[in-house]
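Worksheet: one structure, shown below.
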Amino acid sequence: MPVLSSVASAIKERGKLKGARIAMALHVEAKTACLAIALREAGAEVRLASCNPMSTDDSVALALNEKYGLETYARKGEEREEYYNNLNSVLDVKPGILVDDGADIITLVHSKRRELLSGVIGANEETTTGVVRLRAMEKDGKLLFPVIAVNDSYMKYLFDNRYGTGQSTLDGIMNATNLLFAGKRTVVAGYGWCGRGIANRVRGMGSLVTVTEIDPVKAVEANMDGFDVSTMESAIENADFVITATGCRDVVTYQHMLKAKDGCVLANSGHFNLEIDVEELRKNARAVQVREYVEEYRLDNGRRIYLLADGRLVNLVSGQGHPAEIMDLSFSLQARGAEYLVVNRGKLGRGVHVMPREVDVELAELKLRSLGVNIDSLTEKQKEYLSSWSEGT
Ligand code: NAD
Ligand code: ADE
């Protein structure tokens, strides 16, 4: 992760994170460990919990605790109580900075841990769903400190959500099922940054792809990108795979599942496990585990449905999350965001903020350097031309 290494060295040198207390709730896996260690090396006291009960790589949690002495509270397969106990344990560090993915520790500080509010300088939020929740809090006047929407930086969503989710979602599904995409029919629900990535990658693997949307503009975009666009009710009838990435709930209902063909595989890559109605599926059909994180349900109509990863993020539960080259960028933004909060302490108002665009440019330059790619720069004459309004001829 060359960009993170470079960003972390500069942060360490500037010394602004020295003595900061950072509570992190992120997916506990190898790349996250690099971020946690980098922040600690910059002088912060860091504690880490998972932002999802099923996404932890236990070998990483063990190594962080035992080899690196970095307090990590996470286990793959946490029950709800254990999950919240772990979030509370990281909050016991009395953080000045929160680094969140999905907004669970930020909301916890605003509800059951309000005694911590006065010590919080601010927070970073990693993902679209977290930002949506925080903007709702802000609208209701309930968000009581500044939050950096890391997700909304170009160097995050253009790469992490699109190419990271595009690749790692398919990796998670292939890892869980060992099935072929070529020649199969795949339905992708949502044509946002993640959905675009997934739809394009899975088409690249030879699938015939149908997109479902609720936004007419995105639906037209999917159509002109060459995808079939349809409703879930209709598309699921022929689907071999249905992949959700909407940030919404009840995208695949039990009524939809009853229309699915025998053997349809359901996977979710959106943040919460509400996109596929697993609760209703479990009320109506019994599960048999056929492989790790693959459950077979036989419906009343005799057809089988395969549910991956309990309907949770398939790329992290059945896979290893995004590739290091992607998390290099996302976690460089997280590190810069933590420093930005400290440097701008007292200057940022309560609410959701986006980091200045210069940070995107700085990280893009570092990324290009790490790739050994050079680009052109404007001549003085070109700059003048681009800032003038005189006639072009
Ligand atoms: P986005 O806002 O760019 O796109 C979501 C799209 O879903 C929008 O186009 C929206 O119109 C569409 N949509 C909403 N409800 C729908 C419905 N009921 N049916 C069909 N389409 C619907 O968001 P994004 O950045 O693509 O993120 C999507 C989800 O994935 C979020 O929950 C986000 O937190 C999560 N995410 C996961 C990963 C991962 O590693 N798996 C990475 C990044 C983001
Ligand atoms: N690895 C660590 N955090 C991740 C995230 N939010 N998405 C995908 N992979 C990750």
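The values are calculated or read from the model by the stated rules, or taken from the named source; none is laboratory data. Predicted, not measured: the structure shown is a model, and the values here were computed from it. Glycine also receives a Cβ, built like all others from the backbone with ideal geometry; neighbour counts cover every protein chain displayed. What goes into the accessible areas is simple: the full protein's heavy atoms, side chains included, and nothing from ligands, DNA or RNA. Shrake-Rupley method; radii C 1.70, N 1.55, O 1.52, S 1.80 Å.
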*Cross-link table 18/67; 94/156; 12/94; 112/142; 18/142; 18/94, entries beyond 25 Å C-alpha to C-alpha*: 94/156; 18/142
*How much accessible surface area, in Å² rounded to 10, belongs to the heavy atoms of residue 248 with a 1.4 Å probe?*
80
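On full extension of the chain, what length is gained from residue 233 through residue 289, given 0.36 nm per residue of separation minus the C-alpha to C-alpha distance?
On the way: separation 56, 0.36 × 56 = 20.16 nm, distance 2.65 nm.
Once the chain is fully extended between residue 233 and residue 289, it gains 17.5 nm.
Assuming R0 = 45 Å, what is the FRET efficiency of residue 132 and residue 301, from their Cβ-Cβ distance, to the nearest 0.05? Show your work: numbers first, answer last.
Details: r = 35 Å, r/R0 = 0.79.
Computed FRET efficiency for residue 132 and residue 301: 0.80.
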*residue 280 to residue 80: extension gain in nm, 0.36 nm per residue of separation minus the Cα-Cα distance?*
70.1 nm
_What do you get for the angle between helix 357-371 and the principal long axis of the chain? Use alpha-carbon atoms, 0 to 90 degrees, nearest ten._
80
*Tally up the carbon and sulfur contribution to the accessible surface of segment 1-91 as a whole percent, 1.4 Å probe, everything protein left in place.*
47
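So what is the 222 nm mean residue ellipticity for the chain from helices alone, if each DSSP H run of at least 4 adds -39500 (n - 2.57) and you divide by all residues, rounding to the nearest 500 deg cm²/dmol? Before the final figure, lay out the partial values.
Values: 16 runs with 162 residues, N = 393.
Counting only the DSSP helices, I get -12000 deg cm²/dmol.
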_Take residue 21 and residue 114, extend 7 Å from each Cα along the Cα→Cβ direction, and tell me the distance between the two endpoints in nm._
2.0
*In what sequence, highest mean first, do 115-121, 47-53 appear when ranked by Cβ atoms within 10 angstrom?*
47-53, 115-121
_What is the angle, in °, between the Cα long axis of helix 324-343 and the longest principal axis of the Cα atoms in the chain? Nearest 10 is fine, range 0 to 90._
40
*Grab the Cα-Cα distance for residue 387 and residue 142, subtract it from 0.36 nm times how many residues apart they are, and report the gain in nm with one decimal.*
84.0 nm
_Once neighbouring chains are kept in place and the probe is 1.4 Å, which whole percent of the accessible area of segment 108-194 is contributed by carbon and sulfur?_
52
*asked:* Need one value: the accessible area of residue 256 in square angstrom, 1.4 angstrom probe, rounded to the nearest 10.
replied: 40
_Please list, in order, the residues from segment 19-42 whose amide nitrogen is less than 18 Å from a point placed 7 Å along the Cα→Cβ vector of residue 94._
19-24
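Counting only C-alpha contacts under 8 Å and six or more residues apart, can you give the relative contact order of the chain as a whole percent?
Numbers: 800 pairs, mean separation 70.4, N = 393.
18 percent.
Would you mind getting the accessible area per residue of the chain, heavy atoms of the protein chains only, 1.4 Å probe, in Å²? Don't skip to the answer; put the middle values down first.
Working: 18440 Å² over 393 residues.
Heavy-atom SASA per residue in the chain reads 47 Å².
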_Portion, in percent, of the accessible area of segment 247-301 that falls on carbon or sulfur, probe 1.4 Å_ = 44
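Compute, for the chain, the length of the dipole vector about the Cα centre, with Cβ point charges of +1 (Lys, Arg) and -1 (Asp, Glu) only. Units Debye, rounded to 20. Walk me through the numbers before you get to the answer.
Working: 48 positive and 54 negative charges, 120 e Å.
That gives a dipole near 580 debye.
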*Convex hull of Cα atoms in the chain, direction-averaged projection (nm²)*: 22.6
*asked:* Straight-line reach from residue 218: which aspartates and glutamates fall under 17 Å, measuring Cα to Cα and dropping same-chain residues less than 8 apart?
replied: 228
